[in-house]
1. Return the residues of region 1-26 that are at pLDDT 95 or above and among the β-branched types (Val, Ile, Thr); say none if nothing qualifies.
2. Go through region 50-69 residue by residue and tally those that are among the small types (Gly, Ala, Ser) and either touching a residue at least 60 places away in the same chain (Cβ under 8 Å) or within 12 Å of Cys37 (Cβ to Cβ) (or both).
3. Would it be correct to say that Asp92 is farther than 20 Å from Arg38 by Cβ and modelled with pLDDT of 95 or more?
4. Restricting the search to region 127-161, which residues are in contact with a helix residue (DSSP H, G or I) (Cβ under 6 Å, 6 or more places away or on another chain), not aromatic (Phe, Trp, Tyr) and not in a loop (DSSP other than H, G, I, E, B)?
5. Tell me the strands (runs of 3 or more DSSP E) entirely within region 1-112 that contain at least 3 residues that are hydrophobic (A, V, I, L, M, F, W, C).
6. Out of all the residues in region 14-49, which are charged (D, E, K, R), closer than 15 Å to Val206 by Cα and either within 17 Å of the chain's Cα centre (by Cα) or surrounded by 17 or more Cβ atoms within 10 Å (Cβ to Cβ) (or both)?
7. Name the residue that is modelled with the lowest pLDDT, counting only residues in region 192-206 that are more than 18 Å from Ala14 (Cα to Cα) and surrounded by 15 or more Cβ atoms within 10 Å (Cβ to Cβ).
8. Would you call Thr137 over 13 Å from the mean Cα position of the chain (by Cα), at pLDDT 95 or above and closer than 30 Å to Asn169 by Cβ?
Amino acid sequence: MSTSTAQTIVITGANRGIGLAMASIFQQRGDTVYALCRKSSPALDALNVNVVEQVDVATQAGIDTAIAALNGNSIDLLINNAGILRDEQLNDLNTETIIEQFNVNALAPLCFSHALLSNFTSGSKLAFITSRMGSVTDNTSGGRYGYRMSKAALNIAAVSLARDLEKDNIAVGIYHPGYVKTEMVNSNGVLSNGDISADDAATRLVELMDALTLEDSGLFKHSNGEILPW
């Protein structure tokens, strides 16, 4: 995606963390940003972007709200960023939260992307914020059953989209942002866990999305550019 002309960027889960940081980067460089979320935040409201609330990507009502807000506008880049993290261990195997994560982290991004395909044109891009916790090879610690399984499912769905959309000249990026200091990994609200800030992760992710072409469509990448194992 060229940065020489303004683009139309759609970001889910844009009210905080990485989504908010990416929205800020795109806004500052002059792109038209649709920031989708269930509920906005003061930080998002201050960005002067198109904030669309009531977008729960795991519901048809949320998808319909997004479709209506976009009103047939062409999308240059759709970033599926919304996701949830729960914690199941073998001695506490909560199937309800596992299913919840499948619905939000894997099925919802696929269905949401599918619903907006008519807004895409040749050269549009589709990005999925996933996690290396969805890597089979990289799993050395176990646990986190629902999150790991849902992100592995998201990864394979994104690869299928990369294959199916290649003929339409639509590239698909699959990105692990890093271990980011966000509320998702810090349930106590104190952003102590994580290796990099949301701003740094967002900057690296945007650079990868800018550089995304059909040549690397469907690759699983760390935000630092490293190709990750499945």
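1. Thr8, Ile9, Val10, Ile11, Thr12, Ile18, Ile25
2. Qualifying residue count, region 50-69: 3.
3. Details: farther than 20 Å from Arg38 by Cβ: yes; modelled with pLDDT of 95 or more: no.
No; evaluated as a whole, the condition is false for this residue.
4. Within region 127-161, Ala127, Met133, Gly134, Gly146, Arg148, Ser150, Lys151, Ala152, Ala153, Leu154, Asn155, Ala157 qualify.
5. Result: 8-11, 32-36, 75-80.
6. Asp31
7. Gly194
8. Considered against the rule, which asks whether it is over 13 Å from the mean Cα position of the chain (by Cα), at pLDDT 95 or above and closer than 30 Å to Asn169 by Cβ, Thr137 comes out as no.
The values are calculated or read from the model by the stated rules, or taken from the named source; none is laboratory data. Keep in mind that what you see is a predicted model, and the values were worked out from it rather than measured. Virtual Cβ from ideal backbone geometry, glycine too; neighbours counted across all protein chains shown.
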